[in-house]
Ligand code: F6R
């Protein structure tokens, strides 16, 4: 959950590390630190709080000679977010420093052992215990690499670790187990980092490290070994086509706003090369899935927003794709010993491709002999590499911690998959519903682009009116239930206003007791088959003096009149396309409330972009 970067090359290392940490800040931002070598000695500078605090400290440090170093931005797992817990951490003798992303599960056992040998610890972290263990192993190992490997073989859990020691000047060591870590290979220099944007301005040549691998990096020279026996491992260098432009804010106030506004482009990219034909003969091609049998049942497993995308898509996979589909939250699925049959498939959905619970669910499914489809955004991520087949969502880098465009891309791809499986069905499949949906999706980018600017204005008006609420309900039925969950998730994570997403029909079974004039409701009342039911549910809320914002759609140029405090009118659209119009409305409302309240929109408190610990 932290961001890590290491550098060995010919340039001054510290500014490069800090620059890389800025691009990794979305992974964690409660404290940060760097270590570098100066005149044969390790220098460590760290600070609690945002990266700017570290930069202020570094401003008074002379570090221009160091051409190798390591840097870390932290999201606390063990110990408070204070300076002593910030990385890097040193061994007992202070001769080596490490940075770490992940959790060493048996750290207490190792710590007790080291305490008994007289070690003293300055922090509450599992990482410092690992640093001490490496130092301890160094005393009994022929070299640093061996000591690093021996210590890691004792560590259980997840880690991406980078090590620096003046014992081997200009050299860094890195290793990974169940946490992201990759190398960027430049000219006369080499980087190691949790994510590609950290080094993207310097190189696009990337080596993906696998679990159980250890790398030794010395400028342009790098070698990879198996952690188990230190035998050499052959690696290939991959070219990554991203540019930094794709990861910049494009003039928007926040990455989140930029990413919401990018959604028409995202849908275009998702559809490109995947739709063939026109009009009544429009079809989907998803070559990735061609060699894969049509599963008799699909189990969707994901977390957070990705789970909501799966919930939204279930109906389409069943009704259009003809595939019985069920859904699990990854952290539940992995511990409930699910029954999986070989002719079924598990589809894991993950923007980052690194979510620990989703990755564990993938591994469990494979262990049980089930094929796994990864619906993923980040190329080369752990889930993308371990899934039997990957369908990339192609949303581009998502920097804002709150996921927006990724959900749009996941929904697009699930709709395409539903149509694709429908096409492969051998029973009497009527393609007309599928063709209508595909035509609606093809028209969606232009429709979305046309509504987004006015949608932002309307969201800002409503935000002003409702930002003082302490709690919110989001109601919807059918696919709008998934959108209601997503709307509530966005509001709570960005603005810290309590929000609950509910299936409207469930309100009467308890939650309606909460309704009063201080507890407003955002009701998704789109023009679909369930509209009359939702209309009744809105009346039930109104009858209890509840304030209601209703998200409705025009039909034949006229919006329904529901007698609510605020109607937010979306244009007429196919029911599937309507979800794609409602999604940015919900995102923009949460964005505007959070921005109005002065919250840290791109980096909400307590959250991290990529949840690589369970
Ligand atoms: C919410 C959000 C999270 C993620 C969740 C899964 O805005 O971003 O709920 O959706 O942590 O992440 P991925 O999709 O990377 O597995």
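For the stretch 596-614, which residues satisfy the criterion of being away from the ligand (no atom under 11 Å from the Cβ) and over 11 Å from residue 75 (Cα atoms)?
Once the filter is applied, which keeps residues that are away from the ligand (no atom under 11 Å from the Cβ) and over 11 Å from residue 75 (Cα atoms), the stretch 596-614 yields 596, 597, 598, 599, 600, 601, 602, 603, 614.
Filter the stretch 339-359 down to the residues that are more than 12 Å from the ligand (Cβ to nearest atom) and within 20 Å of the chain's Cα centre (by Cα), then identify the one that is farthest from residue 375 (Cα to Cα).
346
What number goes with the only condition from (1) touching a helix residue (DSSP H, G or I) at 6+ places or on another chain (Cβ under 7 Å); (2) more than 16 Å from the ligand (Cβ to nearest atom); (3) at pLDDT 95 or above that residue 586 does not pass?
Only one criterion is unmet by residue 586, namely (2).
Sort out which residues of the stretch 486-518 are within 11 Å of the ligand (Cβ to nearest atom) and surrounded by fewer than 21 Cβ atoms within 10 Å (Cβ to Cβ), and write them in order of number.
Scanning the stretch 486-518 gives a single hit, 492.
Answer with yes or no whether residue 289 is surrounded by fewer than 23 Cβ atoms within 10 Å (Cβ to Cβ) and within 16 Å of the ligand (Cβ to nearest atom).
The answer is no for residue 289.
Looking at (1) modelled with pLDDT of 95 or more; (2) assigned to a loop (DSSP other than H, G, I, E, B), find the lone condition where residue 211 falls short.
Only one criterion is unmet by residue 211, namely (1).
Might you check whether a residue that is part of a helix (DSSP H, G or I) and outside the structural domain of residue 159 (by TED's automatic domain parsing) occurs anywhere in the stretch 337-354?
No, the stretch 337-354 has no match at all.
Can you tell me which residue within the stretch 383-394, out of those that are assigned to a loop (DSSP other than H, G, I, E, B) and surrounded by fewer than 24 Cβ atoms within 10 Å (Cβ to Cβ), is farthest from the ligand (Cβ to nearest atom)?
For the stretch 383-394, the residue satisfying everything is 388.
Does residue 445 meet the test of being closer than 29 Å to residue 378 by Cα, surrounded by fewer than 17 Cβ atoms within 10 Å (Cβ to Cβ) and more than 16 Å from the ligand (Cβ to nearest atom)?
So residue 445 fails the test.
Need the failing condition index for residue 324 against (1) away from the ligand (no atom under 16 Å from the Cβ); (2) farther than 25 Å from residue 443 by Cα; (3) within 24 Å of the chain's Cα centre (by Cα), just the number.
Looking at each condition in turn, residue 324 falls short on (3).
Consider residue 206 carefully, then state whether it is touching a residue at least 24 places away in the same chain (Cβ under 8 Å) and within 16 Å of the ligand (Cβ to nearest atom).
no
Yes/no matrix, rows are residues, columns are (1) within 17 Å of residue 310 (Cβ to Cβ); (2) more than 12 Å from the ligand (Cβ to nearest atom); (3) touching a strand residue (DSSP E or B) at 6+ places or on another chain (Cβ under 9 Å):
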{"residue": "370", "(1), (2), (3)": "yes, yes, yes"}
{"residue": "381", "(1), (2), (3)": "no, no, yes"}
{"residue": "396", "(1), (2), (3)": "no, yes, no"}
{"residue": "404", "(1), (2), (3)": "yes, no, no"}
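Which ones in the stretch 524-545 are farther than 16 Å from residue 501 by Cβ, touching a strand residue (DSSP E or B) at 6+ places or on another chain (Cβ under 8 Å) and in a loop (DSSP other than H, G, I, E, B)?
527
Mind checking whether some residue in the stretch 406-425 is in a loop (DSSP other than H, G, I, E, B) and farther than 23 Å from residue 240 by Cβ?
yes
Could you run through the stretch 321-333 and say how many residues are touching a strand residue (DSSP E or B) at 6+ places or on another chain (Cβ under 8 Å), touching a residue at least 60 places away in the same chain (Cβ under 8 Å) and either under 20 Å from residue 102 (Cβ atoms) or not assigned by TED's automatic domain parsing to the domain that holds residue 286 (or both)?
Residues flagged as touching a strand residue (DSSP E or B) at 6+ places or on another chain (Cβ under 8 Å), touching a residue at least 60 places away in the same chain (Cβ under 8 Å) and either under 20 Å from residue 102 (Cβ atoms) or not assigned by TED's automatic domain parsing to the domain that holds residue 286 (or both) within the stretch 321-333 amount to 0.
Determine which member of the set 316, 282, 311 is in contact (Cβ under 8 Å) with a residue 60 or more places away in the chain, touching a strand residue (DSSP E or B) at 6+ places or on another chain (Cβ under 7 Å) and more than 14 Å from the ligand (Cβ to nearest atom).
282
Based on this model, can you work out whether residue 359 counts as at pLDDT below 95 and either surrounded by 16 or more Cβ atoms within 10 Å (Cβ to Cβ) or touching a strand residue (DSSP E or B) at 6+ places or on another chain (Cβ under 7 Å) (or both)?
Here the answer is no, as residue 359 does not meet what is asked.
Okay, residues lined up against (1) surrounded by 22 or more Cβ atoms within 10 Å (Cβ to Cβ); (2) assigned by TED's automatic domain parsing to the domain that holds residue 105; (3) in contact (Cβ under 8 Å) with a residue 12 or more places away in the chain:
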position: 524; (1), (2), (3): yes, no, yes
position: 555; (1), (2), (3): no, no, yes
position: 561; (1), (2), (3): no, no, no
position: 583; (1), (2), (3): yes, no, yes
position: 590; (1), (2), (3): yes, no, yes
position: 593; (1), (2), (3): yes, no, yes
position: 596; (1), (2), (3): no, no, yes
position: 614; (1), (2), (3): no, no, yes
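Identify, please: which residue in the stretch 87-105 is part of a loop (DSSP other than H, G, I, E, B) and modelled with pLDDT of 95 or more and is, among those, surrounded by the most Cβ atoms within 10 Å (Cβ to Cβ)?
Selected residue: 87.
Taking the conditions exactly as written (under 15 Å from residue 306 (Cα atoms), touching a helix residue (DSSP H, G or I) at 6+ places or on another chain (Cβ under 9 Å) and either surrounded by 23 or more Cβ atoms within 10 Å (Cβ to Cβ) or at pLDDT below 90 (or both)), does residue 414 satisfy them or not?
yes
Say whether the condition of being at pLDDT below 90, within 16 Å of the ligand (Cβ to nearest atom) and within 18 Å of residue 395 (Cβ to Cβ) is met by at least one residue in the stretch 260-271.
Checked the stretch 260-271: at least one residue is at pLDDT below 90, within 16 Å of the ligand (Cβ to nearest atom) and within 18 Å of residue 395 (Cβ to Cβ).
The values are calculated or read from the model by the stated rules, or taken from the named source; none is laboratory data. None of the values given here were measured: they were computed from a predicted structure. When we count neighbours, we look across all protein chains shown, and the Cβ atoms used for this are built from the backbone with ideal geometry, even at glycine.
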